[in-house]
Amino acid sequence: QTGLGALSLVAVAELGLGGVLFLQARSLEGQYGGLITAGAADEFVPGSVTQFAEGNFFLVRNEDGGFMAVHNRCPHLGCTVNWVEAKGKFYCPCHASSFNAYGEYQNQPVTRALDTFSVLFDDELVKVDTSHIQMRAHYSPDQIHYRN
């Protein structure tokens, strides 16, 4: 009985520690839920959309050099959207909703734009803060971030 009780206590302690380490790892830099370094600004071609699957976002580089980080989840049911380069659109596989390159919705059942994350600059590096999702109704040019 004592051996079984001790073994159970060890198992519970391991699960608890494992859970704490799992949650802690997600908050470290470079992981979703934290600050992710996307790369040097010049690595992203104007007019491009780059997927960061582990960060749950797409980095959009505007034709004039600005940046926007678009969440890869559809605001309707949370399905993962895909970028289709040939059509220049994001598509939700769940209900065939589509979004333009800035995440603006184009058809039902979705009723608002894709969410975004803040884009920051550290010298030449582009960083995306995935710790806070920015909900929005529509795309607006003031949502594009520029290096100073």
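The values are calculated or read from the model by the stated rules, or taken from the named source; none is laboratory data. Quick caveat: nothing in here was measured; it's all calculated off a predicted structure. Heads up, the Cβs are rebuilt from the backbone with ideal geometry, glycines too, and the neighbour counts pull from every protein chain shown. Side chains are part of the model used for accessible areas, which takes the heavy atoms of the whole protein and leaves out ligands, DNA and RNA. Shrake-Rupley method; radii C 1.70, N 1.55, O 1.52, S 1.80 Å.
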Step through the residues of the range 35-40 one at a time and calculate ³J(HN,Hα) from phi using the Karplus curve (6.51 cos²θ - 1.76 cosθ + 1.60, θ = phi - 60°), rounding each to whole Hz and writing x for Gly and Pro. 8, 10, 7, 7, x, 6
Whole number in Å², please: accessible area per residue of the range 33-96, 1.4 Å probe, ligands, DNA and RNA not counted. 46 Å²
F57's amide H: which non-local residues (gap 5+, or another chain) put their own amide H closer than 5 Å, with H modeled 1.01 Å from N in plane and none for Pro or chain starts? F52, N72
What net charge do the residues around F121 carry, taking every other residue with its C-beta under 9 Å from that of F121, with Lys and Arg at +1 and Asp and Glu at -1? -1
Just to check I understand the Karplus step: with θ = phi - 60° and J = 6.51 cos²θ - 1.76 cosθ + 1.60, what whole-Hz values come out for the range 121-129, glycine and proline as x? 10, 10, 6, 8, 8, 9, 10, 10, 8
Environment charge at R112 (Cβ cut-off 11 Å; Lys +1, Arg +1, Asp -1, Glu -1): -1
For N62, list long-range residues whose amide hydrogen, built 1.01 Å from N in the peptide plane, is under 5 Å from its own amide hydrogen. G47, F67, M68
Loop-resident sites, the range 70-122, for trypsin sites (Lys or Arg not before Pro), counting at most 10 other Cβ within 10 Å (DSSP): K87
Would you work out the relative contact order for the range 97-138, in percent, from Cα pairs under 8 angstrom that are 6 or more residues apart? 33 percent
Gyration tensor over alpha-carbon atoms, the range 19-148, equivalent ellipsoid semi-axes in Å: 23, 20, 12
At most 10 other Cβ atoms within 10 Å and a DSSP loop assignment: could you name the GluC sites (Glu not before Pro) in the range 35-90 that fit? E63, E85
Between beta-carbons, use under 10 Å as the cut-off and find the net charge around M135, counting Lys and Arg +1, Asp and Glu -1. +1
